[in-house]
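Visitor: Quick one: this structure, given as structure tokens, is what I'll be asking you about.
The values are calculated or read from the model by the stated rules, or taken from the named source; none is laboratory data. As the structure is a computational prediction, the values presented were derived from the model and not from experiment. Counting neighbours? That spans all protein chains shown, and the Cβs are built from the backbone with ideal geometry, glycine included. Surface accessibility is based on the protein's heavy atoms, side chains included, excluding ligands, DNA and RNA. Shrake-Rupley method; radii C 1.70, N 1.55, O 1.52, S 1.80 Å.
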Amino acid sequence: MRGDQVLWVPGSDHAGIATQAVVEKQLWKERGVRRHELNREDFLREVWKWKEEKGGEICGQLRALGASLDWDRECFTMDAGATVAVTEAFVRLHKAGLLYRDRQLVNWSCALRSAISDIEVESRSLPGRTELRLPGCPAPVSFGLLISVAFPVDGEPDTEVVVGTTRPETLPGDVAVAVHPDDARYTHLHGRQLRHPLTGQLLPLITDSAVQPHVGTGAVKVTPAHSLADAELGARHGLNSLSVIAEDGTMTSLCGDWLQGLHRFVAREKIMSALRERGLFRGLQNHPMVLRICSRSGDVVEYLLKSQWFVRTREMGDRAAQAVQSGALELSPSFHQKNWQHWFSHIGDWCVSRQLWWGHRIPAYLVVEDPVKGDREDCWVVGRTEAEAREAAAELTGRPGAELTLERDPDVLDTWFSSALFPFSALGWPQETSDFTRFYPLSLLETGSDLLLFWVGRMVMLGTQLTGQLPFSKVLLHSMVRDRQGRKMSKSLGNVLDPRDIITGVELQVLQEKLRDGNLDPEELAIAAAAQKNDFPHGIPECGTDALRFALCSHGALGGDLHLSVSEVLSSRHFCNKIWNALRFILNVLGKKFVPRPAEELSPSFPMDAWILSRLARTAHECERGFLTRELSLVAHALHHFWLHNLCDVYLEASKPVLSHSPCPPGPPQVLFSCADVGLRLLAPLMPFLAEELWQRLPHRPGGPPAPSISVAPYPSAQSLEHWHQPELEQHFSRVQEAVQVLRALRASYQLTKARPRVLLQSSEPGEQGLFEAFLEPLGTLGHCGAVGFLPQGAAAPSGWVQATLNDTTQIYMELQGLVDPQTHLPLLASRRLKLQKQLDNLEARTPSEGEAETQRQQRLSSLQLELSKLDRAVSHLRQLMDMSPNPRES
């Protein structure tokens, strides 16, 4: 609308782990088949089938929301173009020495039987003993306990070193015990051997300054195959690594026949029993800890030693950190900069291997050697095609390529790898297409939440490395949408809100059917269904797209997470109805023969016309500021205030008497047209459907064909409307609005429903009267009063009129004589007073509290005291009236 050339590319990633898990669950639920009972090709056919049926959900939601994407460019990370980009990136990074294969500790999900990324590991704080149900484990498992185990000192039967551990199931993998070299408790044992409490094997007692002597007993067991810290310690001391937990979470053969094949947490209990039997168990106690949970499966994440592909990230990470530090890359909101710098300062090499079938298969090949040639290291080659890989293998081995046997790596790449390439592959990279050169580097990127800062980091690293320049100058991260209670939306909680259900409305029965059609376990389904029924007992009412968009934009998106409630969207729907009715009124006023004048020629002749145009200019300025600072809540607030409180509640009501004149003066209809035209164009980015429908019904301005759609009509700029802006006039009218509120309060106090009492203003300041003179008719109309005049300074108030103070210099008098029946209203006021007094007494009797609760109590006390004071004044006035006129004109 501002004339800029923009591109918003729609797309989605293949969500390797999540999608494979869903399809596996569905296959088991519907056919009783496990993935490994199918071959890879058959399973992938099932995944593609599921993708065609369900994979369009996100884009379908975006379309329903009216997102203005270039749908012709819609792409998917498993498309042919994306696959080419992924392969090219892998080959280039390997050639540059930035991608290598090694045996290292990785985050491993035993439930998924795959490595996972750091971002898929949730750190759950436990205050102490906590029981958790875990996938594949027959009984709940206790965590948050510190178990003390004795390691006997070899050769000294009565001497032992006690070690504390929260993971006794890893005891079979212990290869040493470590203490701090300066810990005097163990100085005499330096260099001694300890007996393993389970196997009896000799373990060295080593000293290392990384051990914290004041934690626990000051002695720690060393398990290099299942702990990052222990792996580093083991490397410093040349210790071996014993892998005692298998890929599926069972114990390996290194543990012995008595443990081999057992689930690791079942083995834990067996190990504890064995320690007790051998007299080496020294107790357990509550122990606050952080447990690493796989966000995809809910299983405890293990560190396992695996041969995987890794990307070297230190150099790329330093460049990404420097880009933000130098200002070359702007992160918005700015508080993300701290997380960005922290993440890149602690970044480790990126494991990109995933033990899945769904995803981009790694373009690497193992050169299969003759087994008789001994224990040579595995030989791996990388290529865009097998033919290219074979050429590389021939060059590496010195043998003819045709004689070599190559086996492609069965693993796939981390989804984040292809997602990080999405902005480039979507524009045609690695081909130097016109689109890629035209739009690159990108100036703006939208992501889902602060968690996806991780994703943006990957984009910046890979994009800068592969293209030779910084891919973005700005990144914008918007809030995560949570439920009204602030919880993350989750199918297992039953609190997921599909935007399409809010838009069109949905019955509870349909919501519950959606849950049943999902892949929830029976226990999860029961919990989710109950929660859903509690939140939406009557289903979700139809709210419409524009109402949902406006409710989302009304939140401070640059702040914390967004808590969305359906009642809030319904409120926005009522606002939409208000706009619709306002336009119906305006179109009725304009009629079919109305011809709009150019906006620059519009010069208002009435003060109210000038005021509403000034408010319109101010709204355009606030919208412009909100968009430029990316605070959509400012835009939404400005538009809501203009349409509801300025145009509908004030201007339209105040103008009705003028518009009813025959003939109608030409000025107000022109002003109404400008308010509708400019107001709808200001509203269009937030409420495109309503704005389009109503804008198309407006008469066209002369001087050329109109824009085909409001979405490409010029967006009103603050500068173009500045000639309408009159801050002083707005300030004057705000005083008039204060007087309106006083008059309405008086009418309510005396229950004047139909009568239109006369009003007099009396001011001690000469300039004050001039301020009100321009707005006498609107003041009477908006205050639901009759004629409004002035009472000379110093003149006595007329009898039978009630007085109210507007400010230090102005008094307001309203006619009551003959309009109110005191005998009818005094009992009503007395009843009202009794009720308020009782509320006040109860509130005063409460014990004062602290903080916000006490502040609220004091505010309520003040409000009740003020209301009682008003009632007392009303009673006094009514009693005076009883002596004047017993025959009221209206009761």
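Visitor: With only alpha-carbon atoms in the gyration tensor, what are the semi-axes of the equivalent ellipsoid for the stretch 482-567, in Å, largest first?
Guide: Working: eigenvalues 108, 49, 18 Å².
Over the Cα atoms of the stretch 482-567, the semi-axes work out to 23, 16, 10 Å.
Visitor: For the pair Leu861 and Gln325, how long in nm is the line joining their label points, each one 7 Å along Cα→Cβ?
Guide: 5.5 nm
Visitor: Still on this structure, I have one more. Using a basic spin-label model with each label point 7 Å from the Cα along Cα→Cβ, how many nm lie between Arg73 and Glu395?
Guide: Placing both labels 7 Å beyond Cα along the Cβ direction yields 3.6 nm.
Visitor: A follow-up question, please. If you take the charge dipole of the chain about its Cα centre, with +1 on Lys and Arg Cβ and -1 on Asp and Glu Cβ, which of Trp8, Pro668, Leu233 is farthest toward its positive end?
Guide: Towards the positive end, the residue furthest out is Pro668.
Visitor: What residues from the stretch 773-808 fall in the zone where the backbone N is under 20 Å from a label point 7 Å along the Cα-to-C-beta line of Ser869?
Guide: So the set is 802-808.
Visitor: Give the long-range amide H neighbours of Met489: residues separated by 5 or more places, or on another chain, with amide H under 5 Å away, using H modelled in the peptide plane at 1.01 Å from N.
Guide: Residues meeting the amide H criterion: Asp483.
Visitor: Here's another thing I want to ask about it. In the chain, which whole DSSP H runs stretch at least 30 Å along their own axis (Cα) and average 0.5 or higher on the Kyte-Doolittle scale?
Guide: Working: long enough: 566-590 (36 Å, 0.53); 607-628 (32 Å, -0.14); 727-749 (33 Å, -0.38); 822-845 (34 Å, -0.65); 851-882 (47 Å, -0.77).
What comes out of the filter, once short or polar helices are dropped, is 566-590.
Visitor: Using the Karplus equation 6.51 cos²θ - 1.76 cosθ + 1.60 (θ = phi - 60°), what ³J(HN,Hα) coupling, rounded to whole Hz, does each residue of the stretch 360-365 give in order, writing x for Gly and Pro?
Guide: Going residue by residue, I get 7, 5, 5, x, 10, 10 Hz, with x marking Gly and Pro.
Visitor: Assuming 0.36 nm per residue, please report the length gained on full extension of the stretch Arg630 to Asn519 beyond their Cα-Cα distance. Kindly include the intermediate steps, with their values, before the conclusion.
Guide: Working: separation 111, 0.36 × 111 = 39.96 nm, distance 3.84 nm.
Gain in length upon complete extension: 36.1 nm.
Visitor: Which three semi-axes in whole Å describe the equivalent ellipsoid of the stretch 506-644, each the square root of 5 times a Cα gyration tensor eigenvalue, listed largest first? Mind showing how you got there, number by number?
Guide: Working: eigenvalues 369, 77, 22 Å².
The answer is 43, 20, 11 Å, longest axis first.
Visitor: For the stretch 791-869, what % of the accessible area comes from carbon and sulfur atoms, probe 1.4 Å? Could the numbers behind the result be given before it?
Guide: Numbers: 2330 of 4740 Å².
Carbon and sulfur together cover 49 percent of it.
Visitor: Any chance you could run the full-extension gain for Glu542 through Arg45? It's 0.36 nm times the residue separation minus the Cα-Cα distance, nm to one decimal.
Guide: Working: separation 497, 0.36 × 497 = 178.92 nm, distance 3.76 nm.
Between Glu542 and Arg45, full extension yields 175.2 nm more.
Visitor: So what are the ³J(HN,Hα) numbers for the stretch 245-256, from phi and the Karplus equation (6.51, -1.76, 1.60; θ = phi - 60°), rounded to whole Hz, Gly and Pro as x?
Guide: Values per residue, Gly and Pro as x: 10, 7, 4, 8, x, 9, 7, 8, 5, 5, 7, x Hz.
Visitor: Still on this structure, I have one more. For the stretch 568-725, what % of the accessible area comes from carbon and sulfur atoms, probe 1.4 Å?
Guide: On the way: 4020 of 7180 Å².
With neighbouring chains kept in place, the figure for the stretch 568-725 is 56 percent.
Visitor: Between Val162 and Val712, what is the label-to-label distance in nm when each label sits 7 Å out along the Cα-to-Cβ direction?
Guide: Calculated label separation equals 8.0 nm.
Visitor: Between His661 and Thr824, what FRET efficiency follows from the Cβ-Cβ distance if R0 is 41 Å, with the result rounded to 0.05? Mind dumping the intermediate values first?
Guide: Working: r = 37 Å, r/R0 = 0.91.
Rounded to the nearest 0.05, the efficiency is 0.65.
Visitor: Mind giving me the FRET efficiency for Glu30 and Arg103? R0 is 51 Å, r the Cβ-Cβ distance, nearest 0.05 is fine. Don't skip to the end; give the middle numbers.
Guide: Working: r = 39 Å, r/R0 = 0.76.
About 0.85, to the nearest 0.05.
Visitor: Please label the shape of the stretch 568-725 as rounded, prolate or oblate, based on the square roots a ≥ b ≥ c of the eigenvalues of the alpha-carbon gyration tensor (a/c under 1.5 means rounded; beyond that, a/b larger than b/c means prolate, else oblate). Intermediate values should be presented prior to the final figure.
Guide: On the way: a/c = 1.39, a/b = 1.31, b/c = 1.06.
Since a/c stays below 1.5, the shape of the stretch 568-725 is classed as rounded.
Visitor: Related question: Based on the Kirkwood radius over alpha-carbon pairs, what is the Stokes-Einstein translational diffusion coefficient of the chain at 37 °C with 0.692 mPa s viscosity, in µm²/s? Provide the component values of the computation, followed by the final result.
Guide: Details: Rh = 34.2 Å.
Diffusion coefficient, whole number: 96 µm²/s.
Visitor: Same structure again: If you take all C-alpha pairs in the stretch 121-194, what percent of them are over 13 Å apart? Spell out each step's value before the answer.
Guide: On the way: 2052 of 2701 pairs.
Of all Cα-Cα pairs in the stretch 121-194, 76 percent lie more than 13 Å apart.
Visitor: Given axes a ≥ b ≥ c from the Cα gyration tensor, I'd like to know whether the stretch 277-422 is rounded (a/c under 1.5), prolate (a/b larger than b/c) or oblate. Let's see the in-between values first.
Guide: On the way: a/c = 2.54, a/b = 1.26, b/c = 2.01.
The shape class here is oblate.
Visitor: Using a/c under 1.5 as the rounded threshold, could you call the stretch 734-891 rounded, prolate or oblate? The axes a ≥ b ≥ c are square roots of the C-alpha gyration tensor eigenvalues, and prolate needs a/b larger than b/c, oblate otherwise. The partial results should precede the final answer.
Guide: Values: a/c = 2.40, a/b = 1.38, b/c = 1.74.
Because a/c hits 1.5 or more and a/b fails to exceed b/c, the stretch 734-891 counts as oblate.
Visitor: List the pairs from Lys25/Lys488; Lys25/Lys533; Lys306/Lys488 whose alpha-carbon separation is above 28 Å, in the order I gave them.
Guide: Numbers: Lys25/Lys488 23 Å; Lys25/Lys533 25 Å; Lys306/Lys488 33 Å.
The answer is Lys306/Lys488.
Visitor: Within straight cross-link reach of Lys656, meaning Cα distance under 30 Å, which lysines are found once same-chain residues fewer than 8 apart are removed?
Guide: Straight-distance partners of Lys656: Lys578, Lys592, Lys593, Lys754.
Visitor: Additional query: Kindly provide the helix-only [θ] at 222 nm of the chain, computed as the sum of -39,500 (n - 2.57) over DSSP H runs of four or more divided by all residues, to the nearest 500 deg cm²/dmol?
Guide: Values: 28 runs with 366 residues, N = 891.
That calculation yields -13000 deg cm²/dmol at 222 nm.
Visitor: May I ask you to compute the full-extension gain from Val368 to Met882, defined as 0.36 nm times their residue separation minus their alpha-carbon distance, rounded to one decimal in nm? Walk me through the intermediate numbers first.
Guide: On the way: separation 514, 0.36 × 514 = 185.04 nm, distance 11.09 nm.
Residue separation times 0.36 nm, minus the Cα-Cα distance, leaves 174.0 nm.
Visitor: With a bin width of 10 angstrom, please list the P(r) values of the stretch 304-368 as percents of all Cα-Cα pairs, from the 0 bin to the one holding the largest distance.
Guide: Here the calculated profile for the stretch 304-368 is 17, 35, 26, 19, 3, 0.
Visitor: Let me know the charge dipole size of the chain about its Cα centre in debye, to the nearest 20, where only the beta-carbon of Lys, Arg (+1) and Asp, Glu (-1) is charged.
Guide: Numbers: 92 positive and 106 negative charges, 402 e Å.
It comes to approximately 1920 debye.
Visitor: With a 1.4 Å probe and every protein chain left in place, work out the accessible area per residue of the stretch 730-815 in Å², rounded to a whole number. Don't skip to the answer; put the middle values down first.
Guide: On the way: 3940 Å² over 86 residues.
Accessible area per residue, the stretch 730-815: 46 Å².
Visitor: Give me the 1.4 Å probe accessible area per residue for the stretch 568-725, excluding ligands and nucleic acids, in Å².
Guide: Details: 7180 Å² over 158 residues.
Normalised by residue count, the accessible surface of the stretch 568-725 is 45 Å².
Visitor: As a test of the definition: which semi-axes, in Å, follow for the stretch 612-661 when you take the square root of five times each eigenvalue of its alpha carbon gyration tensor? Largest first, please. Display every interim value, and only then the final one.
Guide: Numbers: eigenvalues 147, 19, 4 Å².
The three semi-axes for the stretch 612-661 are 27, 10, 5 Å.
Visitor: Rounded to the nearest 0.05, what FRET efficiency do His188 and Cys379 give with R0 = 51 Å and r taken as the Cβ-Cβ distance? Could you check? Provide the component values of the computation, followed by the final result.
Guide: Working: r = 50 Å, r/R0 = 0.99.
The computed FRET efficiency comes out at 0.50.
Visitor: Taking all protein chains as present, what is the carbon and sulfur share of the accessible area of the stretch 482-567, in % to the nearest whole number, probe 1.4 Å?
Guide: On the way: 2280 of 4340 Å².
The value for the stretch 482-567 is 52 percent carbon and sulfur by accessible area.
Visitor: Using only Cα atoms, locate the centre of the stretch 594-621 and the centre of the stretch 53-75, then give the distance between them in Å, rounded to an integer.
Guide: Cα centroid to Cα centroid, the span is 39 Å.
Visitor: Taking amide hydrogens as modeled 1.01 Å from N in the peptide plane, which residues meet the under 5 Å criterion relative to Ser117, leaving out close sequence neighbours?
Guide: When sequence neighbours closer than 5 places are left aside, there are no close amide H contacts.
Visitor: Please work out the average accessible area per residue across the stretch 95-183, using the 1.4 Å probe convention, and give it in Å². All intermediate terms of the calculation are to be shown ahead of the outcome.
Guide: Details: 3650 Å² over 89 residues.
Using a 1.4 Å probe on heavy atoms only, each residue of the stretch 95-183 averages 41 Å².
Visitor: Then there is this: Please list, in chain and number order, the residues 5+ apart from Ala176 or on another chain whose amide H is under 5 Å from its amide H, with Hs placed from the backbone.
Guide: Placed amide hydrogens put Val222 under 5 Å from Ala176.
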